[in-house]
Amino acid sequence: MNFNQNHQMIFAKNIWNKITVFFLFFFFALAGNAQILEPVKWNSKIEKKGNNAVLIFDGTIEKDWHMYSQFTPEGGPLALEIVFKNQKGNYELIGKAKEGKTRTAFNDVFGVNETFFEGKAHIEQEIKIINPNLKTVDVDFDFQVCKEVCINSNKKFSITVPSTFKMDEVPVIAPAQLDETKRTGLAIDTVKKEAEVTKDQTVKAETEKEINEEIPAPAPARSLWSIFFIAFLSGFAALLTPCVFPMIPMTVSFFTKQSKSRAKGIRNAIIYGLSIIAIYVILGLIVTKIFGADALNALSTDVWFNLIFFVILIIFATSFLGAFEIMLPNSWANKADQQADKGGIIGILFMALALAIVSFSCTGPIVGTLLVEAASNGGIAPIVGMLGFSSALALPFMLFAMFPGWLNSLPKSGGWLNTVKVVLGFLELALAFKFLSNADLVLQLHFLEREVFIAIWIAIFAALTLYLFGKITLPHDSPLQHISVGRLYLGLLTLVFTMYLIPGLWGAPLKLISAFPPPPQYSESPFGVGGSGNSGLSTDVKGLPEGAELGPHGIMVFHDYEDGLAYAKEIHKPIMLDFTGYACVNCRKMENNVWSEPTILPILKNDVVLISLYVDDKRELPKEEQFVTAAGDKIITVGDKWTDFMISKYKTNTQPLYVITDLEGNNLHTSKPTISYVSAAEYLKWLKEGIANFK
């Protein structure tokens with residue numbers, strides 16, 4: 001091989017190595033940004049409306065994500081903020097921006113009603129153009145989109161006003177000339193190139209078609225199964241009331257005696273059971289049809305809705321406790337009985353209707369409560385609830401008709417039936433205060449704060465315990481010579497539950513009932529009595545290092561990276577970075593449900609230096625600390641600074657985000673560098689592995 005050939009081979013090899021390195025770098029760069037999420041895709045346009053123009057913004061939201069509306073109140077998740085950049089001297093806003101279909105639900109973490117988009121977001125703003133030479137309308141959207149994690153995003157629109165857009169012409173639709181997306185602090189250039197415009201316009205036509213189609217909200221499958229199960233148990237509870245239980249042997253005996261054969265008796269009993277199911281399912285269908293699938297959900301966060309159902313449940317509870325009976329008109333039962341005498345399938349159907357009417361004084365409060373609870377879910381939840389309730393109610397009639405010998409094993413009617421009814425009354429009474437609490441939280445009246453709510457429940461369940469032990473008697477109770485073993489066990493269970501509630505007055509988290517009382521911060525003593533209770537709040541405390549505060553559960557926390565790093569070096573402990581947000585729901589859930597675990601809390605207090613960096617902190621940085629990223633993004637606020645730090649360092653834009661580092665900022669995890677919204681067990685394992693790698 002001569003010198004020239006050898007030189008050519010070496011040159012070719014060097015070129016190949018450079019190409020290989022380039023592609024490796026390219027793919028690593030792609031992988032590095034793989035976690036930068038953008039769950040909302042936007043399109044914008046301008047339309048003529050009379051002498052004005054309408055700016056239209058359409059966003060397609062990925063499944064299971066939701067974006068908060070501009071009408072979400074302060075103190076909750078981050079509301080959509082719309083900023084018109086070049087409004088002065090160019091155009092005037094006609095009213096407030098209008099929104100398309102949204103949902104409203106009560107957020108028990110923040111104690112407010114939150115309004116949000118699911119599936120799609122549609123926003124319109126009418127403007128009056130006052131500058132005939134206006135070329136573009138520049139608009140910024142600041143918004144939060146959440147699933148298991150939350151993302152604070154910024155969307156820039158520069159919508160071209162066509163030169164032919166005169167107020168006396170026919171309507172014109174113009175696409176946005178510039179559609180630039182910026183994730184706050186993202187250090188990459190995302191401005192579309194001219195070569196991409198044609199492709200984007202093609203994609204846009206298809207996207208707009210999808211946006212205009214109705215995108216259903218994700219079905220709450222778990223909630224529906226939960227409602228069915230609770231309703232099924234409620235149906236069994238209704239069976240054990242004085243109005244229903246005695247009807248089982250009477251009705252089954254009627255079918256078996258009146259039928260010419262056992263097979264026919266079984267068939268009639270099955271038809272009877274299915275008729276009961278049909279009656280209650282139709283009731284659920286009527287409720288859904290009258291109020292609408294989503295109106296019930298919206299009503300569930302309404303103040304008057306909650307107050308009305310508080311009163312209704314108090315009336316139901318008072319009836320169950322024996323003050324009076326809730327009865328439907330006797331004429332209804334008489335007419336149903338007359339139709340039942342005709343026999344056949346129609347007669348059986350009317351027998352089922354007569355049962356529903358006659359037993360209403362016992363089943364009515366249970367059915368009413370189920371419908372109220374189902375209303376909180378909206379959709380077909382009332383139908384599912386009635387299906388579960390009626391299935392449990394009808395099942396014994398069908399089973400005992402198939403096996404009549406089982407009737408001999410049924411316990412005899414007696415005072416125990418009234419005991420079941422009274423216990424249900426106590427439960428209804430406790431549930432009623434949940435609705436009153438919802439109204440108080442929405443109005444922020446602070447009449448029914450956490451301590452008062454828990455005290456009421458302690459009183460209710462303590463009274464129930466005394467009743468079960470025979471220390472309290474009510475109007476319809478039979479004389480009690482002794483209590484049964486079953487009643488004793490139930491009394492012990494309620495006694496344990498009552499004792500479990502008591503520490504909640506001093507700030508205990510009470511995780512078993514976390515969905516019922518107001519959140520810890522909605523209380524007279526957010527830190528608990530003596531400042532040691534469960535809290536999602538923080539406050540300055542004397543004697544702490546400079547820049548430190550007491551955070552959730554009394555954990556010492558820094559909110560500035562440099563302050564926290566200096567202290568960690570001083571005491572030689574690893575750092576746990578907590579990228580969080582004031583309006584991050586799942587951040588609060590992690591703090592309330594995971595950080596409070598007895599296996600995790602001591603580690604956060606003693607083994608790491610916690611630095612919580614709020615990406616939605618709107619405080620403006622000093623002028624000398626403000627800067628512009630390589631992509632031209634302005635870092636103006638404290639939140640911008642921490643978001644840029646999170647994205648540039650850890651290649652993600654989601655919160656909560658947890659990282660364990662050494663004193664040089666190096667990640668102590670190799671297999672799982674960061675972690676987000678996870679279970680307590682997984683979080684504990686990750687925490688221990690990271691700390692173990694610290695030297």
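The table below lists the values:
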| quantity | calculated |
| --- | --- |
| Single match in Lys128, Lys101, Lys120 (criterion: touching a helix residue (DSSP H, G or I) at 6+ places or on another chain (Cβ under 7 Å) and modelled with pLDDT of 85 or more) | Lys120 |
| Selection status of Lys649, surrounded by fewer than 20 Cβ atoms within 10 Å (Cβ to Cβ), in the same structural domain as Leu577 (by TED's automatic domain parsing) and either of a type in the set (Lys, Arg) or closer than 18 Å to His559 by Cα (or both) | no |
| Cβ-Cβ under 7 Å pairs, at least 6 apart or on other chains, the range 650-663 side at positive phi, far side aliphatic (A, V, I, L, M) and assigned to a loop (DSSP other than H, G, I, E, B) | Lys651/Ile36 |
| Qualifying residue in the range 53-66 (condition: closer than 30 Å to His446 by Cβ, exposed (fewer than 15 other Cβ atoms within 10 Å of the Cβ) and either of a type in the set (A, V, I, L, M) or out of contact with any Pro (no Cβ under 6 Å at 6 or more places or on another chain) (or both)) | no |
| Test: residue in the range 632-646 that is surrounded by fewer than 15 Cβ atoms within 10 Å (Cβ to Cβ) and more than 23 Å from Glu148 (Cβ to Cβ) | yes |
| Complete set of residues in the range 435-463 that are in a loop (DSSP other than H, G, I, E, B), farther than 20 Å from Ile315 by Cβ and of a type outside the set (Asp, Glu) | Gln444, Leu445, His446, Phe447 |
| Scan of the range 431-445 for residues that are aliphatic (A, V, I, L, M) and crowded, with 20+ Cβ neighbours inside 10 Å, ordered by number | Ala432, Leu436, Ala439, Leu441 |
| Residue list for the range 585-618, restricted to those being over 26 Å from the mean Cα position of the chain (by Cα), aliphatic (A, V, I, L, M) and part of a helix (DSSP H, G or I) | Ile603, Leu604 |
| Checklist (1) closer than 24 Å to Lys511 by Cα; (2) under 26 Å from the mean Cα position of the chain (by Cα); (3) crowded, with 20+ Cβ neighbours inside 10 Å applied to Tyr582, failing item | (3) |
| Odd one out for Gly504 among (1) at pLDDT below 85; (2) touching a Lys or Arg at 6+ places or on another chain (Cβ under 9 Å) | (1) |
| Selection count where residues are out of contact with any Ser or Thr (no Cβ under 6 Å at 6 or more places or on another chain), closer than 16 Å to Met556 by Cα and at pLDDT 85 or above, scope the range 580-599 | 3 |
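The values are calculated or read from the model by the stated rules, or taken from the named source; none is laboratory data. This is a predicted model, so every value here is computed, not measured. Using ideal geometry, Cβ is built from the backbone for each residue, glycine included, and neighbour counts are taken over all protein chains shown.
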